[in-house]
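The values are calculated or read from the model by the stated rules, or taken from the named source; none is laboratory data. Computed from a predicted structure; not experimentally measured. Reconstructed Cβ throughout: ideal geometry from the backbone, glycine too, with neighbour counts over all protein chains shown. Ligands, DNA and RNA are stripped out before the accessible areas are found, and what is left, the full protein with its side chains, is counted by its heavy atoms. Shrake-Rupley method; radii C 1.70, N 1.55, O 1.52, S 1.80 Å.
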Amino acid sequence: MGEDNLGSVKQQISKLFEASLKAIVPDESNLEPLVAACTGRFGDYQCNNAMSLWSRIKGKKTEFRGPPSIGQALMKNLPQSEMVESCSVAGPGFVNVVLSTEWIAKSIHQMLTNGIGTWAPKLKVNTAVVDFSSPNIAKEMHVGHLRSTIIGDTLARMLEFSNVEVLRRNHVGDWGTQFGMLIEFLFEEFPNWEDAGGQAIGDLQAFYKASKQRFDADPAFKERAQQAVVRLQGGEEKYRAAWAQICDISRQEFHQVYKRLGVHIEEKGESFYNPYIPGVLEALSNQGLIEESEGARVIFIEGKNIPLIVVKSDGGYNYASTDLAALWYRLNEEKAQWIIYVTDVGQSLHFEMFFSAAKRAGWLPADDNLYPKVSHVGFGLVLGDDGKRFRTRSSEVVRLVDLLDEAKNRSKAVLIERGKAAEWTGEELEQTAEAVGYGAVKYADLKNNRLTNYTFNYDQMLNDKGNTAVYLLYAHARICSIIRKSGKDIEELKKKGSISLDHADERVLGLHLMQFAEIVEEACTNLLPNVLCEYLYNLSENFTRFYSNCQVVGSPEETSRLLLCEATAVVMRKCFHLLGITPVYKI
């Protein structure tokens, strides 16, 4: 982490107010400083403790006569700090803090010298599991997997940047009744399947459809398929080998998609947790949590009409049994403090009940603010222009590879139209088309509050104006171009130059840069990537205003302003990295 990291500006201001609160009301415990960045003209930050503190202490013996006098005392008892220029009290005791412009400038210069890692937020957690993507084996990844994959990857990246050890987990559906159908079909259609290898299965999607048709149409085949499940789960070698081959073909297809999206993820599928289920259920049974109900074994949840089924009436396991085993493993074997599940909002009830069961078992504290804790990161649907689920013209779900191809091809067509094929090498054209195309798809998803549905529209996401990845990537490339065209060595300027923020637009940009750490902290804490997208877009807007009103190259302030350009580019690049977007350096 390094000693340079003192936490975000907001955390540092909060520490000052914490000391002030202790000084003015030493007998009051559990007082959290209520500090927020403010947009008003009175200050950069505001402490809002006065009103809530007054409601706690009025009626007790106190020297204070109301919130304004508490505000005055908070201001007078604030420890001396080089970061604070001035303070004032407004209205019912709001304490406004103006940061020292010199301190902002110095802090930005230190970040340029020591690296943006010194601006990583400090979180209260050391180890987290992010469970995301999780497609089903033998089925192709489609647009429905896009959101979980992109949102999960961004949450993992933000936590990793915040020095949390992140276990990225792909909880693939690799164990279940569909395998009986697939294995039996393989055996009957290709008796020499072992010699034929992957050739026997060929296109896995077509193979899945053909086996499903047979399963639905042929009762005798259906019965043999159900027997095959029993034999697979019983560990028969031939069935295990066929299962492994099907999984392997599927895995290779998934890997190609993850590679294109730049997503790293470690598979621990349903089959991995399967051996743990009996022991976990036995322990829950011994605690008296599992009861018989209509032939099934269930856990009753307070406030819910239906129980959580953990063993079906036919003796089989289900999602709940696997999820309980996985949670037990993550808490006890992987020692995770925060376990984050990224799935669509349709699964909210399942997670609510499953989390309640884990609390009843004493695995998790009753208070959601204490660790270890679990969070369900729900997200809405991807819609087409017709307002319905995004599908192809023939009403098929959209394959993820087709969607990425289309985004890249459209991006490439625009670059060729702008004459870039003549200026750039073939490799540069391909790489930029990928960075812009894939970046556009990711950003169009991440900029929305994840709980809402969003409409998938190539024209909008590839627009170079407005809040799009294309606009932001081009803005970054323009900043790089300004620095290149100055002819100055930015590394030399970092060593010998300094930053000053005398113009109002310089200060606005400088303050916005300084707030990067607390924005990442907020996005992590609330599991909302759109908070970071909004910050990035506003950063670009603030830079445009600065560049329009402050001459950079050839001005007396050239060195300072080039360093401010570089700081903006560094923060933009880190935002892109956290969003899983590859920056472009020329346009």
Would you be able to tell me the number of residues in the range 92-143 that are out of contact with any strand residue (DSSP E or B) (no Cβ under 7 Å at 6 or more places or on another chain) and among the aliphatic types (A, V, I, L, M)?
-> 10
In the range 319-344, which residue that is open to solvent by 10 Å² or more (accessible area, probe 1.4 Å) and touching a His at 6+ places or on another chain (Cβ under 9 Å) is modelled with the lowest pLDDT?
-> Tyr319
Residues being outside any loop (DSSP other than H, G, I, E, B), open to solvent by less than 30 Å² (accessible area, probe 1.4 Å) and either touching a Lys or Arg at 6+ places or on another chain (Cβ under 6 Å) or closer than 17 Å to Gln233 by Cα (or both) - total across the range 152-184 = 9
Which one of these does Asp153 not meet: (1) over 30 Å from Tyr443 (Cα atoms); (2) touching a Gly at 6+ places or on another chain (Cβ under 7 Å)?
-> (1)
Any residue at all in the range 534-547 that is surrounded by 18 or more Cβ atoms within 10 Å (Cβ to Cβ) and in contact with a His (Cβ under 7 Å, 6 or more places away or on another chain)?
-> yes
Please name all residue pairs, on different chains or six or more residues apart, with Cβ atoms under 8 Å, provided the first residue is in the range 17-41 and is among the aromatic types (Phe, Trp, Tyr) and the second residue is open to solvent by less than 40 Å² (accessible area, probe 1.4 Å).
-> Phe17/Pro33; Phe17/Val35; Phe17/Cys47; Phe17/Asn49; Phe17/Leu74; Phe17/Leu78; Phe17/Val95
Say we look at the range 389-405 and pick out the residues that are charged (D, E, K, R) and at pLDDT below 90; which of these is most open to solvent (accessible area, probe 1.4 Å)?
-> Arg393
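In this structure, does Glu3 turn out to be modelled with pLDDT under 90 and open to solvent by 40 Å² or more (accessible area, probe 1.4 Å)? Spell out how you get there, then give the answer.
Details: modelled with pLDDT under 90: yes; open to solvent by 40 Å² or more (accessible area, probe 1.4 Å): yes.
For Glu3, the condition - modelled with pLDDT under 90 and open to solvent by 40 Å² or more (accessible area, probe 1.4 Å) - is met.
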Among (1) buried (at least 21 other Cβ atoms within 10 Å of the Cβ); (2) modelled with pLDDT under 95, where does Ala421 come up short?
-> (1)
Could you say which residue among Leu349, Leu324, Leu370 is without any contact (Cβ under 8 Å) to a residue 24 or more places away in the chain and in a helix (DSSP H, G or I)?
-> Leu349
Residues in the range 22-35 that are at pLDDT 95 or above and open to solvent by less than 70 Å² (accessible area, probe 1.4 Å) total 2
Criterion (of a type in the set (A, V, I, L, M), within 30 Å of Tyr276 (Cα to Cα), touching a helix residue (DSSP H, G or I) at 6+ places or on another chain (Cβ under 7 Å) and at pLDDT 95 or above) met by exactly one of Val229, Val166 | Val166
Looking at the range 138-151, which of its residues are open to solvent by 10 Å² or more (accessible area, probe 1.4 Å) and within 18 Å of Tyr341 (Cα to Cα)?
-> Gly144, His145
Unmet requirement for Tyr317, which otherwise passes all of (1) aromatic (Phe, Trp, Tyr); (2) within 23 Å of Thr177 (Cβ to Cβ); (3) in a helix (DSSP H, G or I) | (3)
Is the range 357-370 home to any residue that is open to solvent by 20 Å² or more (accessible area, probe 1.4 Å), of a type in the set (Asp, Glu) and within 23 Å of Tyr438 (Cβ to Cβ)?
-> no
Mind checking which residues of the range 406-418 are open to solvent by 60 Å² or more (accessible area, probe 1.4 Å), free of Cβ contacts under 8 Å to residues at least 24 places away in the same chain, assigned to a helix (DSSP H, G or I) and out of contact with any Leu (no Cβ under 9 Å at 6 or more places or on another chain)?
-> Glu417
